[in-house]
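Okay, so here's the structure we're looking at.
The values are calculated or read from the model by the stated rules, or taken from the named source; none is laboratory data. All values derive from a computational prediction rather than experimental measurement. Don't worry about glycine lacking a Cβ; one is built from the backbone with ideal geometry, like all the others, and counts go over all protein chains shown. Accessible surface areas use protein heavy atoms only, side chains included; no ligands, DNA or RNA. Shrake-Rupley method; radii C 1.70, N 1.55, O 1.52, S 1.80 Å.
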Amino acid sequence: MKNVIAIARREIFSFFVSPLAYFSITGFLVVAGYFFFVLVLYFNESLVRFRSMPFMQGDAPNLNEWVVERMYGTMIVVLVFLVPLLTMRVVAEEKKRGTFELLLTSPVSVFDIVMGKFLGVATLLIIMMVGTFSYPLLLLYYGNPAPEILPMLCGLLGMTLCALCFASIGVAVSSCASNQVVAGVSSMVVMLLLYVIHAPAQSIGGVAGDVLLKLSPIVQVKDMMKGVITTESLVYFVSMISFGLFLSQRVLEAERSR
Amino acid sequence: MIEVNKLSKAYGEYKAVNQVSFSAERGEIVGFLGPNGAGKTSTIRMLSTFLPPTSGTAKIAGFDIKKESDQVRRVIGYLPENPPLYEEMSVEEYLYFVARIKGVPSKKLKESVEKAAERCFLKDVFRRLCGQLSKGYRQRVGLAQAIVHDPEVVILDEPTSGLDPRQIIDIRNLIKDLGKEKTLLLSTHILPEVTMVCSKVVIINRGTIVREGKLAEITRDRTLEQLFLECVSYDKPIENDDAIPSAEGGESRHGAS
């Protein structure tokens, strides 16, 4: 555990001494803020229209559904592009600089290395996610009627789990590559595919369709956005993260014994 | 301290290291000599547990490099050909990091790092970034990294390559100093260096050991230079004929992966 912490600390350190951490956190918050702004505008418009037409059926637009849920939903798309940029260097760069030789000839296990790297990226991502929560918090003060806080927190958890799942995939892809750019592009492709994997589920149908549907992080996160945390989705995210870490470990060990 | 027993490494068809055996006692400084592509780096990488051997094995401080690699990693200090530095860290932060992953207990961290920095004359650059250091300082940080956890065996791969004469002398003195208490394996192709610091010489050519012995004994009737040229001359019939070019290819390919 000591080794994991040492490696994670170094990883976080190198994020924060380079502009990478600041640019990505700022970028993420700016984009999230812009989405938030647009969604609040839409919400206002719709609310005004809804009220001007008293004969309309159904519920009035509410902030949870119209703003918070949609903002988190859209931010997951941003993560598909952002996370590869953060994870692409974690292992590939070490191989290139020769520092991987230092790690592998030190009394640390490959698992320590992978776990340390993952926790490093995870810390940065969690900072970003918590940062975006400041926007929905504004709604608690200014929203009328104010949104419910519980679904907001669940949505935040869902988005964070999604980010961690992408991070573990990114670390795995970075472990396979010896070139950062290759690692970045490949992770982006994998994450994009994962993002849309449920699209043909209905047309395919049957067991295969079900499998595709269950594999999608978007489908898993949908209920969470509404404030429902199911065991299924928790199991899904934990297994995806473990799978990514397991894969990186196997790849690096195989490489070591070649 | 170091016992190498029929160690071999093959990259596909090509045998980079072929049945290499040699040994080193405690407190010896062993010069590991050979032309470029002779298999020095491959041998050293196997001893440092970075590469697994294809066959054969070696024992370092009594631990087997294959079966007890974790213990081996605890007792060795290793400086690869290019010092493995994190450019964005300061020398101080870097040495603390290395000490941590080498298993130095947290109470002794400060003491170990300061001692290593002092020995390698790094006090002036302690707070500078590794990425901004000159080649000589980078090499010294690499050395400090290799001794920060006070290992019994220190393995250095061409520690003086690319340095200016002044820096070479500094590093040599440091190596001599280290040799008083540790076992050192020093790979190089600079012969005067060996005569100056080493007590024992192992010469490798095209993957096999061609000469091993105490420096004083093997240079009794001729200079090390003559001996070396004799050992590595191309006229000698050696099985692996196209070895030299593919050896370099094999090594650098591996370095990149």
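Results, tabulated for the structure shown:
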read-out	value
Extreme residue, farthest from A:Gly170 (Cα to Cα), among residues of region A:192-233 that are hydroxyl-bearing (Ser, Thr, Tyr) and surrounded by 15 or more Cβ atoms within 10 Å (Cβ to Cβ)	A:Ser233
Test: residue in region A:240-252 that is within 14 Å of chain B (Cβ to nearest Cβ), closer than 22 Å to B:Ser69 by Cβ and in a helix (DSSP H, G or I)	yes
Qualifying residue in region A:127-136 (condition: within 14 Å of chain B (Cβ to nearest Cβ) and open to solvent by 30 Å² or more (accessible area, probe 1.4 Å))	no
Selection count, region A:1-59, where residues are open to solvent by 20 Å² or more (accessible area, probe 1.4 Å) and either within 14 Å of chain B (Cβ to nearest Cβ) or among the aromatic types (Phe, Trp, Tyr) (or both)	21
The one condition in (1) within 14 Å of chain B (Cβ to nearest Cβ); (2) open to solvent by 60 Å² or more (accessible area, probe 1.4 Å) that A:Thr99 fails to fulfil	(2)
Scan of region B:157-166 for residues that are open to solvent by less than 30 Å² (accessible area, probe 1.4 Å) and not hydroxyl-bearing (Ser, Thr, Tyr), ordered by number	B:Asp157, B:Glu158, B:Pro159, B:Leu163
A:Gln220 being within 23 Å of the chain's Cα centre (by Cα) and over 30 Å from A:Ile149 (Cβ atoms)	no
Count of residues meeting criterion [part of a loop (DSSP other than H, G, I, E, B) and either on the phi < 0 side of the Ramachandran plot or among the basic types (Lys, Arg) (or both)] in region B:135-158	4
Check on A:Met88, away from chain B (no Cβ under 12 Å), open to solvent by less than 60 Å² (accessible area, probe 1.4 Å) and in contact with a helix residue (DSSP H, G or I) (Cβ under 7 Å, 6 or more places away or on another chain)	yes
Leading residue by the ranking (farthest from B:Gly179 (Cα to Cα)) among those in region B:127-156 that are surrounded by fewer than 20 Cβ atoms within 10 Å (Cβ to Cβ) and of a type in the set (S, T, N, Q)	B:Gln132
Residues within region B:170-199 that are part of a loop (DSSP other than H, G, I, E, B) and either in contact with a helix residue (DSSP H, G or I) (Cβ under 6 Å, 6 or more places away or on another chain) or touching a residue at least 60 places away in the same chain (Cβ under 8 Å) (or both), tallied	6
Residue, nearest to the chain's Cα centre (by Cα), within region A:51-102, restricted to residues that are under 30 Å from B:Asp157 (Cα atoms) and hydrophobic (A, V, I, L, M, F, W, C)	A:Met88
Candidates A:Val189, A:Val251, filtered to the one that is loosely packed, with under 14 Cβ neighbours inside 10 Å and at pLDDT 90 or above	A:Val189
